[in-house]
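**Q** Have a look at this one before I ask anything.
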Amino acid sequence: MHADILLAGRGARFGQPEVRVGLMPGGGATQRLVQAVGKFAAMNILLRGEPFGAPAALAMGLLTEMLDDDQVEPRALAIAIELAALPPLALQLVKEAVLEGLNSGLESGLRFERRSFQTVFSTEDKTEGIRARLDRREPRFRGR
């Protein structure tokens, strides 16, 4: 349950069952799950160890999309193709800015965002993206 974009089929099951065998999650779930779904939903998942389905995961904001089971892979591939066509530096810095804010707080996240915005503002990809928008065509990003 630690992904940037999480797709699941209607039949998917989720959970943190560690407590049911005398353990506790050790991969960051006690911290990240609270950020993802809030304290009360996270405590319910972590303390009870009960599995739950995709509709519940979607309702608590744990999923990006819930699809028919046979549509998960085609949708994931379509999203991957879409992301691969976007400027890689901008994508990288968006992800880093989000994680910086989550891990270090708002002020640190805002500082990182400002520096990153200045960085991407000086790229060829930014110029191409704006030019393509004005020309009403698809941009051809080069990763610079």
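The values are calculated or read from the model by the stated rules, or taken from the named source; none is laboratory data. Keep in mind the model is a prediction, meaning the values are calculated, not measured. Methodologically, a virtual Cβ is constructed for each residue, glycine included, from the backbone with ideal geometry; neighbour enumeration extends over all protein chains shown.
**Q** Is it fair to say residue 23 is among the hydrophobic types (A, V, I, L, M, F, W, C), in a loop (DSSP other than H, G, I, E, B) and either without any contact (Cβ under 8 Å) to a residue 60 or more places away in the chain or in contact with a Pro (Cβ under 9 Å, 6 or more places away or on another chain) (or both)?
**A** Answer is yes for this residue.
**Q** OK, next. Taking residue 48, is it touching a strand residue (DSSP E or B) at 6+ places or on another chain (Cβ under 7 Å) and either over 21 Å from residue 98 (Cα atoms) or not assigned by TED's automatic domain parsing to the domain that holds residue 91 (or both)?
**A** When the stated conditions are applied, residue 48 does not pass them.
**Q** What tally of residues in region 11-36 results from selecting those that are surrounded by 14 or more Cβ atoms within 10 Å (Cβ to Cβ) and either polar (S, T, N, Q) or assigned by TED's automatic domain parsing to the domain that holds residue 91 (or both)?
**A** Residues meeting the conditions: 2.
**Q** Here are 106, 134, 91, 102: which of them is free of Cβ contacts under 8 Å to residues at least 40 places away in the same chain, of a type in the set (A, V, I, L, M) and under 22 Å from residue 34 (Cβ atoms)?
**A** None of the others qualify; the one that does is 106.
**Q** For residue 66, work out the one condition from (1) aliphatic (A, V, I, L, M); (2) assigned to a helix (DSSP H, G or I); (3) surrounded by 11 or more Cβ atoms within 10 Å (Cβ to Cβ) it doesn't fulfil.
**A** (2)
Residue-by-condition table, conditions (1) within 30 Å of residue 137 (Cα to Cα); (2) touching a Lys or Arg at 6+ places or on another chain (Cβ under 9 Å); (3) surrounded by fewer than 15 Cβ atoms within 10 Å (Cβ to Cβ); (4) charged (D, E, K, R):
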{"residue": "3", "(1), (2), (3), (4)": "no, no, yes, no"}
{"residue": "38", "(1), (2), (3), (4)": "no, no, yes, no"}
{"residue": "45", "(1), (2), (3), (4)": "no, no, no, no"}
{"residue": "51", "(1), (2), (3), (4)": "no, yes, yes, no"}
{"residue": "55", "(1), (2), (3), (4)": "no, yes, yes, no"}
{"residue": "61", "(1), (2), (3), (4)": "no, no, yes, no"}
{"residue": "78", "(1), (2), (3), (4)": "yes, no, yes, no"}
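**Q** Which members of region 114-137 meet the condition of being part of a loop (DSSP other than H, G, I, E, B) and under 25 Å from the mean Cα position of the chain (by Cα)?
**A** Listed by number, the list holds a single entry, 123.
**Q** Restricting to region 80-113, give me the number of residues that are more than 25 Å from residue 140 (Cα to Cα) and in a helix (DSSP H, G or I).
**A** Number satisfying all stated conditions: 14.
**Q** Could you please give the count of residues in region 15-45 that are more than 21 Å from the chain's Cα centre (by Cα) and of a type in the set (A, V, I, L, M)?
**A** Count: 5.
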